Each structure stands twice: as C-alpha cells, then as structure tokens.
Amino acid sequence: GRGPPLRRGSKPPLMGPVNIDLGPSDVQEKPRRGRKPKATSQRPLKGNAAKVLDHLRALLSRKRFTRTTQGDIASAAGIPNGSIAAALKQLVDKGFILEGHRGHYKLA
C-alpha cells in the first residue's frame, strides 16, 4: 500500500529536499528618470517645523540644554500635539537643534 492513512488536518510527508532557484536570472535594472533629490539642509523650513524653530530660538541657548515638554512647545508654537515629534525630528535631522537626554534640547 501507500502507507498509513492520513489523519484529518495532517499534511503528507515531504518526498525529500527540493532545490528550486528562485533568484532572478535575467533582470536588468532600468535607468532612473526624474530630478535628483535636493539636499535637505538647503531647503528652507516650512509649516510646523518653522513654527517650532521660531519658538525654540526664543527659549533655548547654544550653551546648555534646556528641558521642555512637547506639550509646552505645541502650545507656544500653536500647532497640534501630534505634530511636535515629527517637527522636532526634522529640526534635529537638519542640524538646527541638538537633543540631549529625554526632553532636553539646545540650539546647534
């Protein structure tokens, strides 16, 4: 016979290892079209990041870190609380401010 009958919900045993090459064999990379991305540091800040930076320039110094909350920044800059983290990350990534220990910032 064929062996013992399969139980309900069980899978049949594999017949052995099967080697299948799933790698690309004739792939050619297409040339990229469009404009080259501009350097992020050369673009002026817009929107919430600009509002946050205006507030932080009045609050922070270049010499020492100052502790502040995202809620305080949002209230003073007049933007939603949910937008603060993205604006702060953009300012840190572009080199406008430095982030110290949790909630501590200073001007770069």
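FYI, it's all coordinate maths here, none of it is from the lab. This is a predicted model, so every value here is computed, not measured. Every residue, glycine among them, receives a Cβ derived from its backbone with ideal geometry; neighbour counts consider all protein chains shown.
Annotations
- Lys63 versus His101: modelled label distance in nm, points set 7 Å from Cα along the beta carbon direction: 2.1
- Per-residue ³J(HN,Hα) for region 99-108, Karplus 6.51 cos²θ - 1.76 cosθ + 1.60, θ = phi - 60°, Hz, x for Gly and Pro: 9, x, 4, 1, x, 10, 9, 8, 6, 7
- Rough spin-label spacing in nm, given labels placed 7 Å along Cα→Cβ, for Lys94 and Asp72: 2.4
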